[in-house]
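Structure first, then comments.
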Amino acid sequence: MPDNHNEEVLIRVRDLVAKYGDTVVLDHVNLDVKRGEIFVILGASGCGKTTLLKHMTGLMPAFSGSIEYSGEDIAKLDEDQLALMQRNIGIAFQSSGLFNSMTVGENVALPLLEYGNVGPQLSDALVRLKLSLVGLANAQHKMPGELSGGMRKRAGLARAIALDPPIIFFDEPSAGLDPIMASGLDDLVLHLKKLLGITFVIVTHELDSIRKVADTVLMLDLGRVIFSGTVEEAERCDVERVRQFFERRADEFITQRNV
């Protein structure tokens with residue numbers, strides 16, 4: 001399991017409440033993401049994981065509570081300030097989020113050309129570097145449709161790191177991948193953390209990935225935090241739903257949640 005000694009808080013969430021209409025989706029969520037760690041948000045389907053990620057990236061406004069990024073409450077930022085903050089984060093989507101009409105290289109170059117203040121020649125060199133970092137050195141001129149699922153995830157990650165953000169949000173990285181490809185993606189996340197010092201916030205329910213990469217895990221159930229700590233602490237936790245999750249008693253877990 002990875003080790004993290006850096007205690008600087010990069011993201012601080014306090015009493016976050018999120019609603020869809022009258023339905024409370026997140027109920028007074030509190031968490032700290034420390035710089036340089038891999039922070040994993042886990043839980044069963046429908047527990048609020050992706051909603052939490054959308055709020056932490058400023059894609060959805062909170063009903064109440066606060067989210068601070070490097071000490072700034074994002075709810076108090078105006079539109080331009082929020083856009084500037086979002087340029088300092090990378091988001092790797094579950095579906096990779098690549099534009100199918102553009103080459104892999106053109107996809108990775110998009111944030112560089114739009115926000116990076118670099119010309120085409122430097123952009124091309126940076127694209128090659130980012131693709132090399134994720135193991136896709138020869139994929140620059142391929143179309144997304146020519147790539148396997150695992151390669152598309154890596155290409156999406158290359159685009160997410162294009163502007164050298166200090167933090168990457170990764171939504172369900174292992175979804176749709178076979179165990180070998182999923183393990184390779186886990187290795188890549190660990191490599192980028194070590195090489196570039198990137199902080200990762202990963203939404204997943206894949207136990208193998210959680211055990212392999214997580215420094216800190218936060219478990220949600222029905223929109224509430226029921227556990228926060230290390231994987232080792234989660235394995236020893238006496239909260240029944242946490243035990244069910246880590247013991248892979250999925251049917252019982254879901255039945256008790258009436259999903």
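All of the numbers you see were taken from the coordinates with simple rules; none came from a lab. This structure is a prediction, so every number in the text was calculated from the model and none was measured. So basically every Cβ, Gly included, is an ideal-geometry build from the backbone, and we count neighbours across all protein chains shown.
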Q. When the dipole is taken about the Cα centre of segment 9-60, and only Lys, Arg (+1) and Asp, Glu (-1) are charged at their Cβ, what size is it in debye, to the nearest 20?
A. 180
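Under 13 Å from the Cβ of MET60, count the other residues' Cβ atoms, weight Lys and Arg +1, Asp and Glu -1, and hand me the total.
Around MET60, the charge tally is +2.
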Q: Would you work out the charge dipole size for segment 26-154 about its Cα centre, treating the Cβ of every Lys and Arg as +1 and the Cβ of every Asp and Glu as -1, and quote it to the nearest 20 debye?
A: 620
Q. Between GLU37 and residues 5 or more places away or on another chain, which pairs have amide H atoms under 5 Å apart, with H built 1.01 Å from N, and which residues are they?
A. PHE200
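When ranked by the protection proxy of mean other Cβ atoms within 10 Å per residue, highest first, what sequence do the peptides 37-43, 54-60 form?
Details: 37-43: 25.6, 54-60: 19.3.
Per-residue mean Cβ counts within 10 Å order the peptides as 37-43, 54-60.
Where does the chain land at 222 nm, in deg cm²/dmol rounded to the nearest 500, when only DSSP H runs of n ≥ 4 count, each adding -39500 (n - 2.57), divided by all residues? Write down the numbers at each step before the final one.
Details: 10 runs with 100 residues, N = 259.
So the calculated ellipticity at 222 nm is -11500 deg cm²/dmol.
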**Q.** Highest average packing first - 71-82, 196-207, Cβ atoms within 10 Å
**A.** 196-207, 71-82
Q) Hey, in the GNM for the chain with a 10 angstrom Cα cutoff, which one of ASP208, ASP187, ASP238 fluctuates hardest? A) ASP238
